[in-house]
Every structure is written in structure tokens, then in C-alpha cells.
Amino acid sequence: MGGKKKEMDERLKRFGTVSFTATTKVNDFIDHLENGAVAGTRCKGCGERFFPPRADCATCLDSEMEWFPVDGKGKLLSFSQLQYAPVGFTEDVPYWIAVLDYGDYKVFGRIADGVAAEEIKVGMPMITRVNPLANGQINYVFEKA
Ligand SMILES: [Zn+2]
């Protein structure tokens, strides 16, 4: 027994425009967001880094993970404009989703509303930042670096 965290946890409900799940072993992700950091997990065994954060390493199956901040610049690998969106996001369209390459891990997410469409280019440097939403939810977005 001991200090194992309960897996049913309310915190992840605060992530994103719409809440998808309250069951996770990586709810500290929300604590990091609330402290201004987008964070992934790194395997203490083999060093593999994961984003979104994983509680168990997909490479060596170790469960000793530590948090690392997604900071510095990533390179825009791919992007796409959504004209149709899943339930909960329909009032946001059109918006851009993208993948940033940080070298040994990648981050999937949304480009900030303030970035003009004609500015978005594959290969451009971008940063990932925490984005508090008006409804009290919290997520992260990509900005020009
Ligand atoms: Zn590992």
C-alpha cells in the first residue's frame, strides 16, 4: 500500500475546453499547468521522454517516471486547420492544430488564436505555453517563438 496515489482524481477535469476524463495516473500535469509549466514525463530507467505524459514507459515498461518542463523552442513539424470540430469545440472553428518537434519528443496541440494563418510555416520555431481559459479550464497553446 503506502503512498500510491488514488487513480480517480478530479484534477484532469480542468484540462482543455472540454473535460474528457477524470481517471489518470498523471494528474500532476494539471498542477504543473496551474504553476505555469507544460510538463511531460521522462523515464528514470531509460531516459525516454513522453508527451502527453505517461505513467509507465512505453520503451522499457519501467514505472519510475519524473516530470520535465516542455520549454524552449520546438520546430513546427505539421499543421492543419480544422473546419469541423468534435463536440465542445464547435464554436472554436476554424482553428489550427499542430505538432512541434522538440528533438527527442513531440507535442501535439493547438496554435494560439493570435497567430495569423499566413504566418504559420512548417519549420518555424514555436513555443508551448499555458493558456488559462475564460471558463476556468486550462490548456496549452503554441505561439511564435
Ligand atoms: Zn524507460
> Out of all the residues in the range 67-83, is one or more within 16 Å of the ligand (Cβ to nearest atom), at pLDDT 90 or above, in contact with a Ser or Thr (Cβ under 7 Å, 6 or more places away or on another chain) and part of a strand (DSSP E or B)?
Replying inline: yes
> Can you name the strands (runs of 3 or more DSSP E) wholly within the range 84-132 that have at least 1 residues being touching a residue at least 24 places away in the same chain (Cβ under 8 Å), surrounded by 15 or more Cβ atoms within 10 Å (Cβ to Cβ) and hydroxyl-bearing (Ser, Thr, Tyr)?
Replying inline: 125-132
>> As an exercise: evaluate CYS46 against (1) more than 13 Å from the chain's Cα centre (by Cα); (2) surrounded by fewer than 19 Cβ atoms within 10 Å (Cβ to Cβ); (3) away from the ligand (no atom under 15 Å from the Cβ); (4) at pLDDT 95 or above and give the number of the one condition it does not meet.
In response: (3)
> When the range 30-43 is examined, which residues are found to be within 16 Å of the ligand (Cβ to nearest atom) and in contact with an Asp or Glu (Cβ under 8 Å, 6 or more places away or on another chain)?
Replying inline: THR41, ARG42, CYS43
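The values are calculated or read from the model by the stated rules, or taken from the named source; none is laboratory data. As the structure is a computational prediction, the values presented were derived from the model and not from experiment. Every residue, glycine as well, gets a Cβ built from its backbone with ideal geometry; the counts of neighbours run over all protein chains shown.
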